[in-house]
Amino acid sequence: MEIKSVLSSKIDAAFTQLGLQGQAAVQASARAEFGDYQANGVMAAAKRAQKNPREVASQVVDILDLAGVASKVEIAGPGFINITLEAKFLAQNMPGRVDPVTEAATIVVDYSAPNLAKEMHVGHLRSSIIGDCLVRVLEARGHHVIRQNHVGDWGTQFGMLLTFMQDNNADGRTDALADLELFYRAAKVRFDADDNFRSRARLAVVGLQSGDADSLSAWQHFIEISMTHCDDIYQRLGVTLTRKDIAGESSYNDDLAQVVKDLDAQSLLQESAGAQCVFLDQFKNKKGDILPVIVQKSDGGYLYATTDLAAIRHRTGTLKANRVLYFTDARQSLHFKQIFAVASVAGFNRNNASLEHMPFGSMLDAKGKPFKSREGGVIKLSDLLDEAERRATELVRQKNPHMSQAQAENLGRVIGIGAIKYADLSKNRTSDYVFDWNQMISFEGNTAPYLQYAYTRIQSLFSKGDVKVEDLPSQVIAIDEHERRLAVTLAGFNDTLDQVIEEGMPHLLCSYLYELATRFTQFYEACPILKSDGQDRSRRLALANDTAMTLRQGLDLLGIGVVSHM
RNA sequence: GCGCCCGUAGCUCAACUGGACAGAGCAUCGGCCUUCUAAGCCGAGGGUUGAAGGUUCGAGUCCUUCCGGGCGUACCA
């Protein structure tokens with residue numbers, strides 16, 4: 001159950017009854033002395049009604065019915081309402097699982113979107129794992145999720161690659177394409193140096209666009225190999241995207257001319273310097289200069305704005321999305337503002353869906369510069385994952401000198417990939433973040449290994465104490481203060497997931513899990529579990545089990561695995 | 001030039017969107033392993049939230065100006 005929603009709806013009802021305008025503004029209490037939850041909305045509502053906030057608070061509390069939910073409701077300060085939850089209510093809200101929402105929505109999530117001309121590099125990491133986390137959380141809450149991997153599988157660069165492929169007789173040879181990055185670079189060198197090659201490459205693009213069978217089959221072959229590279233990365237990263245989620249740029253080809261035609265039919269189109277543009281007033285600066293949204297180049301070609309407009313029609317029309325979430329680089333903010341606006345005036349948003357750009361910042365190195373390889377080039381994602389696994393395996397070996405190499409490598413995979421993902425997911429999506437191996441690999445503090453470690457300690461309790469989890473009570477009343485704080489934290493799980501869904505912010509789930517693990521470890525240090533008897537023992541084991549299930553479930557929603565020993 | 005984002009402890013990040021004394025981790029210093037995994041726990045120090053004004057019961061959060069940084073800004077995505 002969502003504690004915040006329960007409290008909010010009760011307090012909102014009291015507000016309505018008293019004729020007050022405003023929201024309850026419930027949040028977890030800032031300090032232990034303020035109870036478990038606090039409602040801050042009275043002050044604002046009282047001001048609006050020009051009444052004394054403390055009096056209003058006392059009226060709210062008088063008619064507030066929190067029977068079975070709260071054991072204590074107090075007014076504090078200028079008009080805060082502090083709420084302490086009833087022990088029995090807490091007992092009923094030990095999560096261990098995710099509750100489904102009452103109204104499921106259809107939500108399209110656009111994420112990952114690698115350029116298939118090259119191999120995936122670090123720039124694709126954030127979109128892939130942040131988007132995948134949202135997908136997991138949305139599905140867990142019972143929403144109908146449609147993944148859309150908007151891969152870059154079309155455009156001029158493919159002319160170059162296909163021509164290079166033919167010249168090198170690489171059509172049927174996967175080994176030539178084993179390293180797409182090298183292949184791309186070699187093709188680019190040829191393209192820049194050889195006029196004849198360049199013109200043949202341009203012809204190949206024309207062939208592709210006009211649907212020439214040979215060009216198309218070569219193109220398909222190339223795409224197939226490139227996607228195999230992506231699948232491998234997704235599999236290693238634990239990203240749930242599959243082939244059926246691919247809706248690349250090429251899939252909108254047939255609709256692009258129609259998009260332009262439809263814009264024209266609504267008199268939204270204007271020619272400027274030979275290009276077909278949409279000019280909207282809201283993209284005018286103070287001086288009156290208007291920014292165009294170009295939908296067709298002067299040479300007749302289409303652009304990503306055109307493709308994205310076609311995608312909006314498809315997603316809100318055919319797919320019937322209520323929400324469309326775009327996980328792309330923050331640098332595309334203006335682009336999305338523009339196409340959302342165009343879609344709106346042109347009536348392309350068929351379902352009146354909420355179109356939301358979920359931008360994220362760049363990865364920087366320790367010096368605050370864009371994260372590059374030592375040579376200044378892009379870093380392949382596969383290399384990054386190799387290094388994470390290598391470093392983690394090394395650390396596992398240090399901590400467990402007697403462990404076999406194979407076992408250390410197994411642990412190293414889960415821990416290393418978890419560490420790299422968590423380091424990213426735990427930071428606020430919108431800002432740039434510093435990627436630092438030394439920090440990430442220390443595995444101390446707010447990291448995935450800390451959470452995984454808390455989980456293994458619980459598993460260790462169960463195996464050492466020969467505990468059958470199914471025999472544990474499903475509801476227990478917390479007694480010790482450490483138990484109670486743990487129970488309150490456990491109860492907040494579903495609230496956290498709601499917030500992640502609302503704002504598209506996985507770091508909120510990370511913060512929650514870190515707090516949960518911290519609370520558990522404090523409880524673990526303070527309260528003997530296996531060494532206690534009777535009710536103390538079963539109660540504490542039940543709390544430990546709920547913590548373990550919530551940690552595992554929460555990490556799974558982040559796309560991070562757990563191990564039973566580390 | 002114009003637009004968007006950012007500036008919080010030595011470093012990396014939080015702060016539930018205007019709430020109570022700005023919190024964590026790393027690093028530093030001091031304690032805790034014959035007791036359920038020390039990848040842990042307990043404690044200490046460390047802040048004029050870039051600066052100055054303003055709005056109000058209350059501002060890291062909103063408004064104005066300035067300083068510093070990043071990104072974007074007509075046919076790449």
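The values are calculated or read from the model by the stated rules, or taken from the named source; none is laboratory data. Bear in mind that the values here come from a model prediction, so they are computed numbers and not experimental data. Ideal geometry is used to build each Cβ from the backbone, glycine not excepted, and the neighbour counts take in all protein chains shown.
Observations on the model:
- Single residue of the stretch A:471-494 satisfying the filter (modelled with pLDDT under 95 and among the acidic types (Asp, Glu)) that is nearest to A:THR106 (Cα to Cα): A:ASP471
- Flag for A:SER431 being among the small types (Gly, Ala, Ser), closer than 21 Å to A:GLY96 by Cα and either near RNA strand B (Cβ under 6 Å from one of its atoms) or buried (at least 18 other Cβ atoms within 10 Å of the Cβ) (or both): no
- Odd one out for A:GLN296 among (1) closer than 27 Å to A:VAL109 by Cβ; (2) buried (at least 19 other Cβ atoms within 10 Å of the Cβ); (3) of a type outside the set (Val, Ile, Thr): (1)
- Count of the stretch A:47-72 residues which are touching a helix residue (DSSP H, G or I) at 6+ places or on another chain (Cβ under 7 Å), within 30 Å of A:ALA478 (Cα to Cα) and crowded, with 17+ Cβ neighbours inside 10 Å: 5
- When A:SER564 is tested against (1) in a helix (DSSP H, G or I); (2) under 33 Å from the mean Cα position of the chain (by Cα), only condition (1) is not met.
- Consider the stretch A:128-178 and keep the residues that are β-branched (Val, Ile, Thr) and part of a helix (DSSP H, G or I). The one that is farthest from A:GLN220 (Cα to Cα) is A:VAL137.
- Failed item, numbered, when A:ALA49 is tested on (1) near RNA strand B (Cβ under 10 Å from one of its atoms); (2) of a type outside the set (Phe, Trp, Tyr); (3) at pLDDT below 95; (4) touching a Leu at 6+ places or on another chain (Cβ under 8 Å): (1)
- Scan of the stretch A:434-459 for residues that are near RNA strand B (Cβ under 6 Å from one of its atoms), surrounded by 14 or more Cβ atoms within 10 Å (Cβ to Cβ) and either closer than 19 Å to A:HIS565 by Cβ or among the small types (Gly, Ala, Ser) (or both), ordered by number: A:PHE443, A:PRO449, A:TYR450, A:TYR453, A:THR456, A:ARG457
- The selection criterion, being crowded, with 17+ Cβ neighbours inside 10 Å and either of a type in the set (Phe, Trp, Tyr) or in a helix (DSSP H, G or I) (or both), holds for A:LEU256.
- A:LEU490 vs. criteria more than 12 Å from RNA strand B (Cβ to nearest atom), part of a helix (DSSP H, G or I) and in contact with an Asp or Glu (Cβ under 7 Å, 6 or more places away or on another chain): yes
- Candidates A:SER538, A:SER532, A:SER511, filtered to the one that is polar (S, T, N, Q) and near RNA strand B (Cβ under 6 Å from one of its atoms): A:SER511
- Failed criterion for A:THR393 (all others in (1) within 12 Å of RNA strand B (Cβ to nearest atom); (2) out of contact with any strand residue (DSSP E or B) (no Cβ under 9 Å at 6 or more places or on another chain); (3) touching a residue at least 12 places away in the same chain (Cβ under 8 Å); (4) closer than 17 Å to A:PHE435 by Cβ hold): (4)
- Listed by first and then second residue, the pairs linking a residue in the stretch A:453-465 that is within 11 Å of A:ARG552 (Cα to Cα) to a residue that is more than 6 Å from RNA strand B (Cβ to nearest atom) and among the aromatic types (Phe, Trp, Tyr), with Cβ atoms under 6 Å apart and 6 or more places separating them unless they lie on different chains, are A:ALA454/A:PHE520.
- Residue list for the stretch A:260-308, restricted to those being near RNA strand B (Cβ under 6 Å from one of its atoms) and in a helix (DSSP H, G or I): A:TYR304
- Of the residues A:LEU208, A:LEU216, the single one that is surrounded by 19 or more Cβ atoms within 10 Å (Cβ to Cβ), more than 32 Å from the chain's Cα centre (by Cα) and more than 30 Å from A:ARG136 (Cα to Cα) is A:LEU208.
- From A:ALA91, A:ALA57, residue being within 15 Å of RNA strand B (Cβ to nearest atom) and either in contact (Cβ under 8 Å) with a residue 24 or more places away in the chain or outside any helix (DSSP H, G or I) (or both): A:ALA57
- Number of residues in the stretch A:9-42 that are within 12 Å of RNA strand B (Cβ to nearest atom) and either surrounded by fewer than 20 Cβ atoms within 10 Å (Cβ to Cβ) or β-branched (Val, Ile, Thr) (or both): the value is 14.
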